[in-house]
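See structure below.
The values are calculated or read from the model by the stated rules, or taken from the named source; none is laboratory data. Note that the structure is predicted; figures quoted are calculated from it, not measured. Virtual Cβ from ideal backbone geometry, glycine too; neighbours counted across all protein chains shown.
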Amino acid sequence: MGKIINIICHPSFIVLYFKDKIYKIILLALSFYIVLVGILALYSYTDKYYNHEYVNDLTKLVANYKEELDLEYNDSKLSGSSYVISKDEVCLVFLKDVVASQDYAIFLVFKEDMVVYYYESVIRYELEYKSLGLSNFTFKDIQDNNYTSQAKLSIIIDKTLELANPLAQTYSLLSNAVNLAFLYFMSILIAMMVSFFVNPAIEFKYRINICIYDSIIFFVVMLFGLLFNITWFKYIALFMPAIYSRFSFKSIVRIR
């Protein structure tokens, strides 16, 4: 425990452990990484990726469409003209044959008898209208701010995205885990560059040991950013190992 405290709180003491076995150092860094990914998983799977507010935003996107929508939902069938409504990462397609592309992360394709959900251009889920048991409504009513009609469209969107939530949560976790690993390796690289400027004479095998220990602070800062929901902490975390590297390698100069 004293060693971990020194690594986190006293960067000038890190040089005391420069002869540690590399696999032990990597295991320590990996342990911090696993803990942080575990917390990310907790956040990902306890919060809905597509929440009620997200569904409302998509419903409003349809309600505020610039043209009058000639679409009618009748006896679990959608009929009328073809439309494509998009915003940011989402594309809503009505009664139109499209090939999902990389231009949008999410496609909701409203066909005659079902909604098809695409994520990253790959079909994931299908939901038949008849499984919802909704009564008839028109999209003109939705645009006229008829609450009942808007609620019915929200139900269709919500039920479709509810099926997709586990997939979206998993994808979000994997994406965050990969980004975390990338930022961590970047922080080691920056720490290595700083170490060469401060003390270029150290052997590489000892240099990498010290730099990996210096980089442990990355996970600590990221942890605080995650717990307090401060996204810009990742930039501090990225450069903190470089600061630690300066102190660590400068202390070797003093010893010599």
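Tabulated results
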{"quantity": "Selection status of Leu69, surrounded by 18 or more Cβ atoms within 10 Å (Cβ to Cβ), touching a residue at least 60 places away in the same chain (Cβ under 8 Å) and in contact with a strand residue (DSSP E or B) (Cβ under 9 Å, 6 or more places away or on another chain)", "calculated": "yes"}
{"quantity": "Some residue of segment 7-19 being part of a loop (DSSP other than H, G, I, E, B), in contact with a Phe, Trp or Tyr (Cβ under 8 Å, 6 or more places away or on another chain) and in the same structural domain as Asn136 (by TED's automatic domain parsing)", "calculated": "no"}
{"quantity": "Test: Ser195 is in a helix (DSSP H, G or I), touching a residue at least 24 places away in the same chain (Cβ under 8 Å) and over 30 Å from Val55 (Cβ atoms)", "calculated": "yes"}
{"quantity": "Candidates Lys140, Lys205 - the one that is closer than 30 Å to Tyr117 by Cα and either touching a residue at least 60 places away in the same chain (Cβ under 8 Å) or basic (Lys, Arg) (or both)", "calculated": "Lys140"}
{"quantity": "Which numbered condition Gly80 misses (of (1) surrounded by 15 or more Cβ atoms within 10 Å (Cβ to Cβ); (2) closer than 30 Å to Ser175 by Cα)", "calculated": "(2)"}
{"quantity": "Tally, over segment 41-95, of residues that are β-branched (Val, Ile, Thr), over 16 Å from the mean Cα position of the chain (by Cα) and more than 20 Å from Glu120 (Cβ to Cβ)", "calculated": "3"}
{"quantity": "Cβ pairs under 7 Å, 6+ apart, first in segment 109-124 and among the small types (Gly, Ala, Ser), second surrounded by 13 or more Cβ atoms within 10 Å (Cβ to Cβ)", "calculated": "Ser121/Ala100"}
{"quantity": "Single residue of segment 119-142 satisfying the filter (part of a strand (DSSP E or B) and farther than 12 Å from Thr160 by Cβ) that is nearest to the chain's Cα centre (by Cα)", "calculated": "Val122"}
{"quantity": "Criterion (surrounded by 15 or more Cβ atoms within 10 Å (Cβ to Cβ), of a type in the set (A, V, I, L, M) and not assigned by TED's automatic domain parsing to the domain that holds Leu78) met by exactly one of Ile157, Ile230, Ile208", "calculated": "Ile208"}
{"quantity": "Thr148 being exposed (fewer than 14 other Cβ atoms within 10 Å of the Cβ) and either in contact with a His (Cβ under 8 Å, 6 or more places away or on another chain) or assigned to a helix (DSSP H, G or I) (or both)", "calculated": "yes"}
{"quantity": "Looking only at segment 169-211, and only at residues there that are aliphatic (A, V, I, L, M) and touching a Leu at 6+ places or on another chain (Cβ under 8 Å), the one that is farthest from Phe18 (Cα to Cα)", "calculated": "Leu173"}
{"quantity": "Any hit, segment 203-210, residues being among the acidic types (Asp, Glu), out of contact with any helix residue (DSSP H, G or I) (no Cβ under 7 Å at 6 or more places or on another chain) and closer than 24 Å to Lys24 by Cβ", "calculated": "yes"}
